[in-house]
Amino acid sequence: MLRKAMAACAVGLVSSLTYAQPPAAGAAAPAPASAAAPAAASGAKMTPVQRADATPQGQLKNPYQDTDAAVVAAGQQLYLNYGCNGCHGGTGGGGMCPPLTNDIWVYGGDDDTLFRLVAYGSQILQSKGYSRKAQENVVGPMPQMGLVVQTDDDLWRILAFVRANYHGAPECKFGCPKQDSSGEH
Ligand code: HEC
């Protein structure tokens, strides 16, 4: 049963990454030249991977609030443009892959961990010392979407949208206090 779920999730990987490319390029394509600005000034935009690499572990923090309706709406559009819905469903409730809206956080629910998980994908994330704390009913690799999402700002808005759709226990919104030691139930 588990194996079947993994296979379905992996199929999602191929198809959603393929169709994620054109809309992403069309949606957020100002001039590549301006995106390549070298300035590492704190306000400058970076790719999600550059931002994660440049920030010490534990210190990435979403500058947006999930109560900001305009940001959440923009985040939802980006979430769709980049093809997250192909695996996680249109509102993050899960589809072929794990839900983003419940209180099970596979590697942790804090901003830093979620940003790095999406930027690096689950395999690189684990190679950097983050470990699996919990398991959803569907298990599979999270692809390195930081190669598709164009800027750190886009990713923060997507994560604000994910937070706004959270439906789990309130105390677990940013990671479950009791989850750290209990891997199973
Ligand atoms: C190919 C399918 C696929 C795509 C596309 C995908 N994900 Fe995932 N995602 C996964 C899988 C599988 C996991 C679980 C990883 C694990 O168990 O190690 C996951 C986990 C996550 C988690 C953690 C969920 C939890 O419960 O802890 C977040 C947040 C997330 N993805 C966000 C995104 C965002 C944002 C995008 C789009 C930019 C995206 N994903 C695109 C497959 C995908």
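Just one of the numbered conditions (1) within 11 Å of the ligand (Cβ to nearest atom); (2) modelled with pLDDT of 90 or more; (3) under 29 Å from residue 177 (Cβ atoms) is not true of residue 5: (2).
Residue-by-condition table, conditions (1) near the ligand (Cβ under 10 Å from one of its atoms); (2) free of Cβ contacts under 8 Å to residues at least 60 places away in the same chain; (3) in contact with a Gly (Cβ under 8 Å, 6 or more places away or on another chain):
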{"site": "103", "(1), (2), (3)": "yes, no, yes"}
{"site": "109", "(1), (2), (3)": "yes, no, yes"}
{"site": "113", "(1), (2), (3)": "yes, no, yes"}
{"site": "120", "(1), (2), (3)": "no, no, yes"}
{"site": "138", "(1), (2), (3)": "yes, no, yes"}
{"site": "141", "(1), (2), (3)": "yes, no, yes"}
{"site": "165", "(1), (2), (3)": "no, no, yes"}
{"site": "170", "(1), (2), (3)": "no, yes, no"}
{"site": "173", "(1), (2), (3)": "no, no, yes"}
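No other residue among 138, 118 is of a type outside the set (Asp, Glu), part of a helix (DSSP H, G or I) and more than 16 Å from residue 66 (Cα to Cα) apart from 118. Taking segment 122-135 as the range and being in a loop (DSSP other than H, G, I, E, B), farther than 16 Å from residue 174 by Cβ and within 10 Å of the ligand (Cβ to nearest atom) as the test, the residues that pass are 132, 135. For segment 123-143, a residue qualifies if it is under 16 Å from residue 94 (Cβ atoms) and polar (S, T, N, Q), and the qualifying residues are 135, 137.
Name the single residue, out of those in segment 74-93 being free of Cβ contacts under 8 Å to residues at least 60 places away in the same chain and more than 9 Å from the ligand (Cβ to nearest atom), that is nearest to residue 44 (Cα to Cα). Residue satisfying both the conditions and the ranking: 77. Of everything in segment 57-80 that is more than 26 Å from residue 131 (Cα to Cα) and hydrophobic (A, V, I, L, M, F, W, C), the residue that is surrounded by the most Cβ atoms within 10 Å (Cβ to Cβ) is 78.
Let's see how each residue does on (1) part of a helix (DSSP H, G or I); (2) of a type in the set (Val, Ile, Thr):
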{"residue": "72", "(1), (2)": "yes, yes"}
{"residue": "75", "(1), (2)": "yes, no"}
{"residue": "79", "(1), (2)": "yes, no"}
{"residue": "87", "(1), (2)": "yes, no"}
{"residue": "105", "(1), (2)": "no, no"}
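The values are calculated or read from the model by the stated rules, or taken from the named source; none is laboratory data. On a predicted model such as this, the values are computed, not experimentally measured, just so you know. Cβ atoms come from the backbone with ideal geometry, glycine included; neighbour counts cover every protein chain shown.
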